[in-house]
């Protein structure tokens, strides 16, 4: 199990969303996809994305907020 961090950004502003512990990077990315779907109902972060980083600070996924997608990793 590893800790993953989630950050929302639109290129100009960002917001730290939080952390979660997941067994695999795919599970962390799937969580970000779900959050992105929920955020897409509001125009606040339209055009932005959620960055998912592992505990070493490496980005493992970038999920667009305005479009649902299937996890890639």
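Going by what's in this entry, would residue 38 be described as surrounded by fewer than 15 Cβ atoms within 10 Å (Cβ to Cβ) and in a strand (DSSP E or B)?
So residue 38 does not fit the description; no.
Of the residues that sit in region 26-43 and are at pLDDT 95 or above and over 10 Å from the mean Cα position of the chain (by Cα), which one is farthest from residue 61 (Cα to Cα)?
27
Would you confirm, using the coordinates I've provided, whether residue 47 is in contact (Cβ under 8 Å) with a residue 12 or more places away in the chain, exposed (fewer than 13 other Cβ atoms within 10 Å of the Cβ), in a loop (DSSP other than H, G, I, E, B) and in contact with a strand residue (DSSP E or B) (Cβ under 9 Å, 6 or more places away or on another chain)?
Yes.
Can you give me the number of residues within region 5-30 that are exposed (fewer than 12 other Cβ atoms within 10 Å of the Cβ) and closer than 15 Å to residue 66 by Cα?
Result for region 5-30: 1.
Going residue by residue through region 6-16, is there one that turns out to be in contact with a helix residue (DSSP H, G or I) (Cβ under 7 Å, 6 or more places away or on another chain), assigned to a loop (DSSP other than H, G, I, E, B) and in contact (Cβ under 8 Å) with a residue 24 or more places away in the chain?
No, region 6-16 has no match at all.
Okay, residues lined up against (1) in a helix (DSSP H, G or I); (2) touching a residue at least 24 places away in the same chain (Cβ under 8 Å); (3) surrounded by 15 or more Cβ atoms within 10 Å (Cβ to Cβ):
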site: 3; (1), (2), (3): no, yes, no
site: 32; (1), (2), (3): yes, yes, yes
site: 52; (1), (2), (3): no, yes, yes
site: 56; (1), (2), (3): no, no, no
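The values are calculated or read from the model by the stated rules, or taken from the named source; none is laboratory data. Predicted model only: the values in this text are computed from it and were never measured. Backbone-built Cβ (ideal geometry, glycine too); neighbour counts: all protein chains shown.
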